[in-house]
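Remarks on the structure that follows.
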Amino acid sequence: MALANADYRNSNHALDIDVTIIPWSQRGSYLSLATKAGRQGCLTPGNDVYLVTHCRQFGFPLFALRPIPPGHSLPPPSGYRRPKPSTTVKAEPGLLSWQHEASTLAQVTFLHDRCLRFRGTVPFAFDTDAALEKEACSAYMFSRPHVEGKPDSIDYVFNSMPGYRFIVTQGKLSQINGNRPEVLDKRIEIAGTQENVEWELLVCELDVTLGVGPIVDTCNEFVDAVKNISFDSTVVRTRAEFSTFARSLCPWSAANLSQTEELASYVIWATTIRAGGRLTRETILMSKLWMNRAWSWDNCLNALGVADADLELALSQILLFSDLQAPNGRLPDSIDWLFVEWGHTKPPIQGWAIARLLHMRGKEIDLKTLQYLYTSTARFTEFWLEERRGSISRLPWYPHGNDSGWDNSTVFDGQSVIIGPECAAYLIIQTHLLAALARLLHRPQEECAKWSQVKDLLLAALVEELWDGEVFLVMNALTGEKKRSTSLFTLMPIVAAEYLPKDIVAKMVADLSKHLTPWGLATEQLDSPHYQSDGYWRGPIWAPSTQLIESGLRRAGYEELADTISNRFIALCEKSGFSENYDAVTGAGLRDVSYTWSAAAYLTLRREASARSKARSE
């Protein structure tokens, strides 16, 4: 017997989600369903769909999810490796289905961001992998003693991340190799009964607050909730939540979103998680594929991508890092549920992002938040001026490529401690913003003047120390030696083009042609001996370099070239989706292929292009 195919849509169109590329999830949840988990999918063979938690760096696969079609059987539990199953998976916002031939065998939806609701008509196995379970710090599975009048349940718990409770609301729940302390491949199985093959199951994430311990007081609420809302109604509700979010992100197409617009909205919606663990605010992770953290420049692009639709969510992306700022003003490199990473920081583009945010919705930001934005940005600027300048130069230095965001760029070959021209450009924008905010907030006159003076000092130093008459140079921060580069890195001062001498800007703009492909701006010159098509920052196209340069060109009056770069990145996303980066020649998506900053940059560029088009027609 198969599940009835309910019609959840008001139209014939629904977004198809390929879970081999984009994890299936929903806003707020730390759980996703995908065929990959671990860095570059290293923890899963990819034959099944896995239930993945993002309370571990790179994602941890909790279970392989395995419906058992009629006439088939599963061998005893043996971990994640097995032949590719005969079932197929179909996913859309709010609903994932397992199918066999023409029949739907099982489905899952989100009852809550902490609770998955499964149903099916065939036995369904949740298999663990003993090798990974050992790595997960003493995972333990046990059946909870039966309580009269209560549904049966099984707990699966860990020492270092939330546990999970399986609660059967219809059918029969069993397990293999549970209730045993040794590490073994385990299985939880849900099936119907002789009287009724249909079953329904809740998988609830147990509350965990870091440093406090488990609080498991909400599972009963989920059990009560399913008595009042059907599975189909749950799907309809979740689809409506996503549809509202997507339309708010794409008001220019609100009644008829394109597939790319809807997919960009889904990538952001499904990759947003509630505050928890080390994350003090609702956070847009970079991905729920494996780059499941927030980094302190990626967040700026994401803030701008959602700002027009959800100001609170946009501000949370910026202020998340402010909440954890070090006493010396340094911002963390990245944050996830479990860790705050201080090994690096990221370049100071907060001023650039906040200035754009204020231009969009500044009148709606309350005074307290403006004060917080100002104070945090001022402290971060002081960090670069006080902690990252030496006697050899008036400009800040990077200790490593990671601190610039351009991890392995060719500018760091041979010496990682460098002074780059783009950091100064970012700080020129940032100090200009701080001067404006200081005046708006009625700070002392000398404080306002200080930021203007620092801007002028940085601008003079940038030109005097790093411009050789033709190009910007990179300086060895230890020896003062300077060198030219074939990286787009040295053209990034275009972001501050409105403040730079026009002749310098003209030469930089001309040099962009060495990087411009039919898809956008390659991060290394195409004829460079160091160019690599999948070389991370040694060739591929990236969202942040694209968006920063496009914005600088536009503000400096290079509208036609800015349009070209914008249109090509939009076309790139329409061709290849939302990857971490892209092959500059073919346009193919590379590395993590479900990346929010690419989706956010696409949405920002589409929104701005729509606004320009509307303005021209009026």
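Is there a residue being among the β-branched types (V, I, T), assigned by TED's automatic domain parsing to the domain that holds K346 and part of a helix (DSSP H, G or I) anywhere in the stretch 444-465? Yes; the residues of the stretch 444-465 include at least one that is among the β-branched types (V, I, T), assigned by TED's automatic domain parsing to the domain that holds K346 and part of a helix (DSSP H, G or I).
Residue count for the stretch 25-73, restricted to those that are of a type outside the set (D, E, K, R), part of a loop (DSSP other than H, G, I, E, B) and in contact (Cβ under 8 Å) with a residue 60 or more places away in the chain: 12.
Results for (1) in a loop (DSSP other than H, G, I, E, B); (2) under 30 Å from S376 (Cα atoms); (3) at pLDDT 95 or above, shown as yes or no for each residue.
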site	(1), (2), (3)
T238	no, no, yes
A246	no, no, yes
L263	no, no, yes
S287	yes, yes, yes
A314	no, yes, yes
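When the stretch 586-618 is filtered for residues that are more than 18 Å from T283 (Cα to Cα) and touching a Ser or Thr at 6+ places or on another chain (Cβ under 7 Å), the ones remaining, listed by number, are G587, A588, G589, L590, R591, D592, V593, L605, A609.
State all residues of the stretch 229-248 that are polar (S, T, N, Q) and out of contact with any Lys or Arg (no Cβ under 8 Å at 6 or more places or on another chain); if no residue qualifies, say none. Matches in the stretch 229-248: S230, S233, T238, S243, T244, S248.
Yes/no per residue for (1) in the same structural domain as Y602 (by TED's automatic domain parsing); (2) free of Cβ contacts under 8 Å to residues at least 12 places away in the same chain; (3) charged (D, E, K, R); (4) over 22 Å from I549 (Cα atoms):
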| site | (1), (2), (3), (4) |
| --- | --- |
| W295 | yes, no, no, no |
| G305 | yes, no, no, no |
| L313 | yes, no, no, yes |
| P327 | yes, yes, no, yes |
| Y372 | yes, no, no, yes |
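Residue count for the stretch 500-552 satisfying the condition of being aromatic (F, W, Y) and free of Cβ contacts under 8 Å to residues at least 60 places away in the same chain: 2.
Step by step: first the residues of the stretch 173-218, then only those that are at pLDDT below 95 and small (G, A, S), then the one that is surrounded by the most Cβ atoms within 10 Å (Cβ to Cβ). Which residue is that? Across the stretch 173-218, the extreme among qualifying residues is G178.
Residues are listed down the side, and each one gets a yes or a no for (1) surrounded by fewer than 19 Cβ atoms within 10 Å (Cβ to Cβ); (2) under 16 Å from V223 (Cα atoms); (3) outside the structural domain of L338 (by TED's automatic domain parsing); (4) among the aliphatic types (A, V, I, L, M):
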| site | (1), (2), (3), (4) |
| --- | --- |
| G71 | yes, no, yes, no |
| P77 | no, no, yes, no |
| P93 | no, no, yes, no |
| T109 | no, yes, yes, no |
| V122 | no, no, yes, yes |
| S138 | yes, no, yes, no |
| D152 | yes, yes, yes, no |
| P162 | no, no, yes, no |
| G171 | no, yes, yes, no |
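In the set (1) under 16 Å from T546 (Cβ atoms); (2) of a type outside the set (V, I, T); (3) surrounded by 22 or more Cβ atoms within 10 Å (Cβ to Cβ), the condition left unmet by L512 is number (3).
What residue, of W352, W297, W342, W337, is out of contact with any helix residue (DSSP H, G or I) (no Cβ under 9 Å at 6 or more places or on another chain) and closer than 24 Å to G420 by Cβ?
W342
Checking each residue in the stretch 480-494 for being free of Cβ contacts under 8 Å to residues at least 24 places away in the same chain and not acidic (D, E) picks out K482, K483, R484. Restricting S316, S258 to residues that are out of contact with any Leu (no Cβ under 6 Å at 6 or more places or on another chain), under 18 Å from L605 (Cβ atoms) and not β-branched (V, I, T) narrows the list to S258.
Filter the stretch 224-244 down to residues that are touching a Ser or Thr at 6+ places or on another chain (Cβ under 7 Å) and of a type in the set (V, I, T) and give me whichever is farthest from A14 (Cα to Cα).
Our first condition is that a residue be touching a Ser or Thr at 6+ places or on another chain (Cβ under 7 Å); within the stretch 224-244, this holds for 226, 231, 234-235, 238.
Okay, now just the ones that are also of a type in the set (V, I, T), so 226, 234-235, 238.
Working: V226: 25, T234: 16, V235: 13, T238: 13 Å.
Ranking the candidates gives V226 first.
Pairing each residue of the stretch 255-284 that is of a type in the set (K, R) with any residue that is part of a loop (DSSP other than H, G, I, E, B) and buried (at least 21 other Cβ atoms within 10 Å of the Cβ), provided the two are 6+ apart or on different chains, yields C-beta distances under 7 Å for R278/D336; R278/W337. Please indicate, with yes or no, whether at least one residue in the stretch 324-347 is in a helix (DSSP H, G or I) and either at pLDDT 95 or above or under 30 Å from I17 (Cα atoms) (or both). No: zero hits.
The values are calculated or read from the model by the stated rules, or taken from the named source; none is laboratory data. Predicted model only: the values in this text are computed from it and were never measured. Here Cβ is always computed from backbone atoms with ideal geometry, including for glycine, and neighbour counts include all displayed protein chains.
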